[in-house]
Each structure stands twice: as structure tokens, then as C-alpha cells.
Amino acid sequence: MKKSVIQSLLSATTCLAMMATSPVLAGDYDGVTIDAKLIGGQQYEGLYALISNWEMATGASVNIISKKNHFELDREFKSDIAAGTTDWCVGSNHSSFAPQYPSLYTDMTSYNEAEQLAGFVPAMIESSTIGGRLVMLPRAQFDVSVLYYQVSLYEDASNQSAYKAKFGVDLAPPITLDEFKQQAIFFADPPNFYGTQYAGKDEGAAGRFYEMVVANGGAMFNADFTPAFNSDAGRESLQWFVDLYEAGAVPPGTTSYLWDELGAGFASGTIGINLDWPGWSGYFNDPEASKAAGNVGITVQPMGSAGIHTGWSGFHGFSVTEDCANKEAAASLVTFLTSEASQIVESAGGSLPTRTAVWDVAVAAAEGDEYRTMALNAFKEGAKHAFAVPQTEYWIEATNLIFPELQAAILGDKTVDEALQDASDAVDEMMQENGVY
Amino acid sequence: MPSLILIFEKSNMSLKKIPPWLLLILPAIIILAAVILIPLMFSLYSSFTSYRLTRPDTLFNWIGTFNYEKAVKSSVFWAAFGRTILFLTVALNLEMFLGLGLALLVSRVTRGQRLLRTVMMFPMMFSPVLVGFQFKFIFNDNVGLVNNALQSLGLSNRAIPWLVDEKLAMFSIIFAEVWMSTSVFAILILAGLFSIPQDPQEAAKVDGCSPWQSFRHITLPFIMPFIFIAMAIRSLDVARAYDIVQVMTNGGPARRTEILWTLIGRTGYVDAKMGYANAMGYVSIFLAIFFTVYFFRKLNAARAELGMAG
């Protein structure tokens, strides 16, 4: 109830703020209809509720013609491009998917003043700029994985003494990936309890591998997009996954887990430490949904052997299609949905903002809530180390070639060297075939 | 206006020239061409191009047989091809034997047979996606029903990786497929059992045949046409199996359960390489054609044996 009152107040403030500051005057887009294809889900609805304010202020109306998750939207966008039916106007976008649609979306630079763009975290505007074109504006849905852990494991006296006796150091949440692995193996008691878990398939597996490679001082691709992950850093990273699997520190089915299974796993109370996204923080500490509630600690993600923290990140945004009949009106809607006032409303629901000023508002709003404050501080610290996926339209295709080879090494079908060589060869062939080099 | 009349007259004349039989089947030909022939020709054409969904201009980039050569040289494709045949063979035979057993049992039931037949059809009514999710949960290694039951009963003290282990993952998928579709065989074979004339059966009893001899030499030849019809229908279904595999494992892990359709689906819609996906599709269509021809030959042979050929 309290939350909805706050949201209503914020919503009204947003409306007033927009009317006061927007260059668009009431009635500017009278009779204009903007067709939109947006990401669907409960966590996104708070922002969509504000659309009526924009409609009221501009006289335009928004017709949401599709509401799906990003993987389904991705398939729909590709079909639209193939069929030439891209005359809808506003689409949800994501930093990991955006490079795949080089011709679908228009350059937003001319529709936004530099001052307006300066309010975003610079790295995100950089990631939204593909081939010199600003193809999306980020909304308050920023993702970087931080470390979740069960506090009781670290407070347990017998755990503390056993760990100290075995490794000669005090038991504390891990700072490095090596410590992470060591502790996960230490905590594991299969099949009742596992030290950790990881995304084992699709872009999730390749993404985790990617951030480990970077943290260990390597890179996925060279500047010309030839594969670079078949390196010492690559071997060190893949060996990390293999060691955890071989030691039984992760559930044996982890190679078939993705975000939902991982979230459910930590919430079941059977996972000790877990790299996961900010969106899960509320769920993990909800007594009705999670057995780990009241026992959840959150801290910055660990760093690799190169002293670099993991930080594979992504964020949601909105784009305007090239074929939109009224790009100006569509851009106005996108500007509104990603404005400071809108981000304040959206991040009040627990998601992370992509505007610098909104971070401070979120931290202030969490005052008095110990858990939320801890979470926000961890996310804020984690965001400092964030890096986006390599900017190639073939990223998703590359991940589809890489992750089965990672799985093959994890499950023992191939050695680490064989798997990396095969993955590197496959990506190299794909890049050449696509004329990248 | 005069030109319009001319066109009408001309078209009227040309219509008159079309033989009546062709005129009558023309609507069917047009509909078939629109919904089958044109898409088929389009996909066949695109398999000779570098067509990517996200770059429509590539549809006109003719690359000859490159996609076919790539598919034929790809070990991933042939592994998926082999797995699809294995999947097809094991699932079809299991469904056939279980369906035959089920039909024989149900045919013996004297009371409540109609209810049993209805119950038997329940699994067929579920969508394959739903069945996939159901068995994905049942076989989950950590929170799944099977592992929890085995551990609670003291039959296992470890989390069995049903959807990860090379053999178990394929077993789990086949189990789900068999659970859903065995009743197709059972219903068709049951129909066959009901159509068997009683005279030969009774004659066999009088002649002192054992139950096995009656089944082997009288019942089985009579129901063979029904079995082959079921085989032909199901072989096409199973050869196109996608939903259950996609939901349960999506072809993984490490391509251990990759079948043709998960590979083709990912290549076409996720990687957006529709030209290559279509080429793989055309190569694998021969799989479906082969099984169809094989079972129809068997069906005709069985019909000939019963004097039903022609």
C-alpha cells in the first residue's frame, strides 16, 4: 500500500515534471498513434503505467501491439525485418541484442540534446551507440551480477574454525574467483547442499565465461573480431567451471540451468554462494518465496587473477524504428520513458537506474531499510566494474557456438584445450563466413 | 472502358478453353500452391542463398550449393541426424510395443472399456510444450520429483542428472515422447483388433492352437496394416519432434540431445541464418521421405498378404 502511494506520488511528479520541462507542448502530436513492441513482465509494468501521462501531455496515443520477453521479441523482430513489416515505431531493446539489428532502428542523437544524454551513465550511452549511431536510450533496468551468499555459513563457528584450519585464512565472503571456488567446494555437501551454481547454457553460459576471461586478463575477441578466448585467460576461466563441476560443488544439472532455475536454486536454500542479477534481491529475501530470506548477504562480485572484477552487464532500453511514420513523436515517447523522473518511478520497484542522478535518489529512498541499502551499495560498487558484451552483431551467434563447447569441457566430453580450440575454430569460421574479416 | 470489356472477353474465351476437369480442380491447385508449393519453392530457393533474417537483401545473394556442402561436411549436422534416427527408431518401436500391449489388454476388458479408451487418450490431449515442462520438472536433478522420490525411499543418495547425462537425457526425452504418444498406437491397434473376424480365431481354438500361435499367425497379420499406418503417421510426427526436446534440453548439454529440428530451429531463428537452416531442412526431409516410403511398402506388403492389395 505504502509502495503504491509512493508510486502514485512519483507518477504525478513525473507528469508535472514532464509537462514543465519537456520541449513538447500539449497537443503537439494530436491524433498520432505510436505502435510499440515492448518487453512484458510484472517488473516492467510500473513504467508502462506512466505512458498515459505522455499521451495526456502530447495528445498522441500508444498502441502496444506486442508484449513478450526479449528472446521472443528477438525472434519477432527478425521475422519483421525479413517480412519488411517494421513500420511500428517503438521497440524494447537490450544491449546484448541491439547489435543484431543494424538497420532496424534509427539514430536517436538528433532527437536528444547533449545535456539530456549527459544524464545517463556514460558507459551505457557508449554501449547504446553502435556503428556511430545511438540506437537506444537506456531505461532503469540495468543488470550486473553481484555476489549473493548465505550469511549463516560465514557466521557458523565450526565452519570458521574448519576453514581456518584447512586454508589458514579467516572465512569471509570471497574477494577473488579462486577464493570463490575454494569456498564453494568447502561448503558443498551434495546432494543436500551445493557450494554454488552457474548458468550452464545459451548466452548465460557464454556470458559468464566472457566475464571470467576479462577478469583473468583476457578478451573474447581481438580488435578485428578474430576469437581471442583460446588463451591462458580462457583456459583459466574454463578450468574454474570444470573444477567446480568435478568437485561436486555445483548441482549436476547446472549445465541445463538458466536464470529461472538459478534463482529458484538459491531461493531453495540449497546454494551457498551465487553470482546473480540485481532483480533477484527482493525475491531472495522474501520469506514467502525464499528459504534463504533473512539470511542473504550481498557484496561486490569477485575479481579474477588479473585483479579485474567480473562485470558482464546489460541493460534494457527503447529504440525507434527507421520505418516509423512519426519518428519525432516516437523519440519523444522514448525520451519520456527514459527520463530522470521516469527512472525514479521505475527504480522505486527495485530495478537499477541508468542515470547517475537517480542512483542517489534510490540510495536515499532505501534509508532505514538495511537489506535494501546493503543491496544498493553492492550494486553501485558492482556497476563500477560493469562492461557490456562485445559490439558485434554476431555476438549471439558466437555464443551459440561457444556454449556447447564449454558444456563439453564441463561434462568431461572434451579437455579444456580441445573445447576452446573447437569453439575458437567455429567462431573463426563463422566470422569469416559473415565477411567480418 | 472498351479495353476492360476486351480483357473480360479474352479471359472469358480462355476460360472456355480450359478443360472442365482442370477447371474443377483449379481451386484446389491454387490453394495447394499458395500454402504448400510457393513456401516450399521459396525455402528451396533460399537454401541456395546466404539469406539472413536480419538482412533481407541477402535473399538475392546466390551462393550455389555452399549451404548444402556445409551441412554435408558438418559433424554437428550428422551427429544430430544420427541422433534423430536413433530417437525415431527407439521411440517408435517402444510406442509400438507398448501400444500393442495396451491395446491387447484393453480389448480383453469387458466392463468400462469405453472409459478406459477415453482415459488412454488423455496424454494425447496435452500440448507437447506442456508435456515438456512437466517432464523437465519431474526429471530436474535438484528439486525434481524422481530424484526426491528416489532419495526419500533410500534408493539413491545422489542427485541423478537425468537431463545432463548422455544416456539418461535421451532416455528422459524418449520417456516423455512415449508417455504422450503411445496411446496413438494403442487406439489404432485397438481399432484393428475390433475388425478381426472371429471365425479364424475360433477355428484356431478348435485346432488346438496355443494363445501365442493364435496371436502370431492370426491376430498379428490382421493388425499389421493398422500398425504400419500408425508407424507412418508417428514416424512423420517424431521426425519433426521439436517442442518436447526444445523445452526439456534445447538439444544440450554439449549437444548430447541435439536433434535435427533443435539444430535447424536455432540456426534459423536465433542465429538468423535461414538459408543454411533451410538447406539442413531439405537434407533431412529425405529422412521423413525414406521412413514414409519404407512404411507404406510394408503396409502394402501386409495388405497383399491379407488379400487386400489393389
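FYI, it's all coordinate maths here, none of it is from the lab. Computed from a prediction, not measured in an experiment: that's the story for all the values here. Heads up, the Cβs are rebuilt from the backbone with ideal geometry, glycines too, and the neighbour counts pull from every protein chain shown.
Tabulated values for the structure
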{"item": "Within 10 Å of each Cβ in A:390-400, the average number of Cβ atoms from other chains", "result": "2"}
{"item": "Computed Kirkwood radius, in angstrom, where 1/r is averaged over Cα pairs of region A:190-316", "result": "15.5"}
{"item": "Mean separation of Cα contacts under 8 Å (6+ apart) over length of region A:39-156, as relative contact order %", "result": "19"}
{"item": "Under the span-like rule (Cα at least 24 Å along the axis, Kyte-Doolittle mean at least 1.6), DSSP H helices of chain B", "result": "B:166-194, B:220-239"}
{"item": "Between region B:126-163 and region A:222-256, the Cα center-to-center distance that results, in Å", "result": "27"}
{"item": "Ellipsoid semi-axes in whole angstrom, largest first, where each is sqrt(5λ) of the Cα gyration tensor of region A:253-297", "result": "17, 11, 9"}
{"item": "Average beta carbon contacts from partner chains per residue of B:248-258, 10 Å cutoff", "result": "6"}
{"item": "Test item: Cα-centred dipole of chain A, Lys/Arg +1 and Asp/Glu -1 on Cβ, debye", "result": "1000"}
{"item": "Reachable lysines from A:Lys164, criterion Cα separation under 20 angstrom, eight or more residues apart if same chain", "result": "A:Lys181"}
{"item": "Binned Cα-Cα distances of region B:22-64, short to long, each 10 Å bin given as a whole percent", "result": "28, 35, 22, 14, 1"}
{"item": "Descending semi-axes in Å of region B:70-305, equivalent ellipsoid built from Cα gyration tensor", "result": "36, 25, 14"}
{"item": "Dipole of the protein assembly as shown, positive direction: furthest Cα of B:Gly192, A:Phe97, A:Ala383, with charges on the beta-carbon", "result": "B:Gly192"}
{"item": "Cα-Cα over 23 Å, subset of A:Lys68/A:Lys201; A:Lys166/A:Lys414; B:Lys73/B:Lys167; A:Lys166/A:Lys201; A:Lys414/B:Lys73", "result": "A:Lys166/A:Lys414; B:Lys73/B:Lys167; A:Lys166/A:Lys201"}
{"item": "Prolate/oblate/rounded call for chain A, Cα gyration tensor, a/c under 1.5 rounded", "result": "oblate"}
{"item": "Residue order, fewest to most beta carbons within 10 Å, for A:Ser158, A:Ser339", "result": "A:Ser158, A:Ser339"}
{"item": "Sequence-distant residues sharing a close amide H with A:Arg139 (under 5 Å, placed H)", "result": "A:His316, A:Gly317, A:Phe318"}
{"item": "Computed [θ] at 222 nm, helices only, for chain A once each DSSP H run of length n ≥ 4 contributes -39500 (n - 2.57)", "result": "-14500 deg cm²/dmol"}
{"item": "Inter-part distance where region B:22-55 and region A:143-188 are each reduced to a Cα centre, Å", "result": "61"}
{"item": "Taking N as its residue count, the alpha carbon Rg of region B:151-256 over 2.2 N^0.38 Å", "result": "1.58"}
{"item": "Residue-averaged [θ]222 nm for chain B, counting only DSSP H segments that reach four residues, each worth -39500 (n - 2.57)", "result": "-22500 deg cm²/dmol"}
{"item": "Angle in degrees between helix A:356-365 and the longest Cα principal axis of chain A, rounded to the nearest 10", "result": "70"}
{"item": "Gap separating the Cα centres of region A:263-316 and region A:59-131, nearest whole Å", "result": "29"}
{"item": "Relative exposure of B:Arg55, B:Arg108, B:Arg216, judged by other C-beta atoms within 10 Å (fewest first)", "result": "B:Arg108, B:Arg216, B:Arg55"}
{"item": "Per residue, the convex hull volume that the Cα atoms of the protein assembly as shown enclose (Å³)", "result": "235"}
{"item": "Taking A:Cys89, B:Cys209 and counting other C-beta atoms within 10 Å, the order from fewest to most", "result": "B:Cys209, A:Cys89"}
